[in-house]
Amino acid sequence: MADIQSTYSMSTTPVIKHTVSYETKRSGSTVYYRFKISTAPISGGSYFGYNLVCSVTLNGKSVATDAELKPASPSTWTSARVKYLPSSTGWYSVTGVTSAATLPAKITFASTQTSGSASSGSCTVNVPAGSAPAAPVIELSNTAVLPEAAVKVGVSGGSWGDSGAGKYNYQYSTDNSKWTTFYTGTAKSQSFLPSSYGGKAGSAFYFRVQAVNARGLSVYTKTVTLRVLSPPPAETGKARVKVNGAWKQGTAYVKVNGTWKKAKKVCVKTNGAWKDGV
């Protein structure tokens, strides 16, 4: 559809021409408009002794209905007659505008005292561009953990721009090149368990986060790194046991002739062969 800014000729005698323009501005998801209607002069022997009115709708709602552009008198005028809607200092607001590039609009011209009219039909007005989200700050609860220990990946700060809150895309990589999204949603932190994503002792994970809403995508946060540690070796006569998902070191005891004694050495059977425990 065409933009409403144009010149419209009424089917009157003489033909009366109106030129329409508008100003617009944005604050967050609210967009403001002010329309200017300039009615061309009638002079040089021509005259129009009737009133002129116009009506404007924007985004399906009325900005003005039968707003007077000219009373019946004078019947001639030598300079353009200018009318602002809703007023020369006021603005008409449309709320909740997020991703739209245009809004529907229509303007009609008529006289309530004689025949003859003009209409823009279905037109549009432009929506000033809004700002996309700004990237948040990424944080890790720990930068080095064992494979079975979870780490929190979180975000803070940033801005949602002009289009309201959206979602976060959390991504990880094992080579800082190929990225995989492991969560998309509104949560500001996510738990990440290295072993669930193939993490082994000596490996590393890289993380980044992106904000997204109706206006668009932010840039990615800086990349943060998580190192996956090797479990510490057990001391002689000691063994490691897993408690609530975490490996802990304890002292091994064996029962000999009804008496518990501290083990001198701990071995494990691997593929049929006994080996020193680590």
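Numerical summary
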| quantity | calculated |
| --- | --- |
| Long-range neighbours under 8 Å by Cβ, at least six apart or interchain, first residue within 14 Å of Ser29 (Cα to Cα) and in the same structural domain as Lys61 (by TED's automatic domain parsing) within the stretch 85-100, second among the aliphatic types (A, V, I, L, M) and in a loop (DSSP other than H, G, I, E, B) | Val97/Val127; Thr98/Ala214; Ser99/Ala214; Ala100/Val127 |
| Filtered residues of the stretch 89-114 (kept if of a type in the set (Ser, Thr, Tyr), in a loop (DSSP other than H, G, I, E, B) and at pLDDT 95 or above) | Thr89, Ser111, Thr112, Thr114 |
| Residues located in the stretch 148-163, provided they are of a type outside the set (Ser, Thr, Tyr) and either closer than 28 Å to Arg26 by Cβ or not assigned by TED's automatic domain parsing to the domain that holds Ser195 (or both) | Val155, Gly157, Gly158, Trp160, Gly161, Asp162 |
| Members of the stretch 132-151 found to be of a type in the set (A, V, I, L, M) and in a loop (DSSP other than H, G, I, E, B), listed by number | Ala132, Ala135, Leu146, Ala149, Ala150 |
| Residue ID - surrounded by the most Cβ atoms within 10 Å (Cβ to Cβ), chosen from residues in the stretch 43-73 that are modelled with pLDDT under 95 and of a type outside the set (Ser, Thr, Tyr) | Gly44 |
| Some residue of the stretch 164-171 being among the hydrophobic types (A, V, I, L, M, F, W, C), outside the structural domain of Arg26 (by TED's automatic domain parsing), within 30 Å of Thr102 (Cβ to Cβ) and within 24 Å of the chain's Cα centre (by Cα) | yes |
| Every residue from the stretch 178-219 that is crowded, with 16+ Cβ neighbours inside 10 Å, assigned to a loop (DSSP other than H, G, I, E, B) and within 31 Å of the chain's Cα centre (by Cα) | Trp179, Ala214, Arg215, Ser218 |
| Filter result for the condition that a residue is of a type in the set (Val, Ile, Thr) and outside any strand (DSSP E or B), over Val20, Val15, Val31, Val63 | Val15 |
| Test set (1) touching a Lys or Arg at 6+ places or on another chain (Cβ under 6 Å); (2) part of a loop (DSSP other than H, G, I, E, B) - Ser46 fails condition number | (1) |
| Only one of Thr95, Thr108 that is β-branched (Val, Ile, Thr), at negative phi and surrounded by fewer than 12 Cβ atoms within 10 Å (Cβ to Cβ) | Thr95 |
| Qualifying residue in the stretch 171-191 (condition: touching a Leu at 6+ places or on another chain (Cβ under 6 Å) and aromatic (Phe, Trp, Tyr)) | no |
| Test for Val212: is it assigned by TED's automatic domain parsing to the domain that holds Gly185, modelled with pLDDT of 80 or more, over 22 Å from Thr174 (Cβ atoms) and of a type in the set (Val, Ile, Thr) | yes |
| Residue satisfying condition, being out of contact with any Phe, Trp or Tyr (no Cβ under 7 Å at 6 or more places or on another chain), of a type outside the set (A, V, I, L, M), in a loop (DSSP other than H, G, I, E, B) and surrounded by 14 or more Cβ atoms within 10 Å (Cβ to Cβ), within set Gly154, Gly164 | Gly164 |
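For every residue, the table says whether it meets (1) of a type outside the set (D, E, K, R); (2) more than 26 Å from Ser131 (Cβ to Cβ).
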| position | (1), (2) |
| --- | --- |
| Tyr50 | yes, yes |
| Leu58 | yes, no |
| Pro74 | yes, yes |
| Lys83 | no, yes |
| Ser87 | yes, yes |
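The values are calculated or read from the model by the stated rules, or taken from the named source; none is laboratory data. Model, not experiment: these values are computed from the prediction. In this analysis, Cβ positions are derived from the backbone assuming ideal geometry, glycine residues included, and neighbour counts consider all displayed protein chains.
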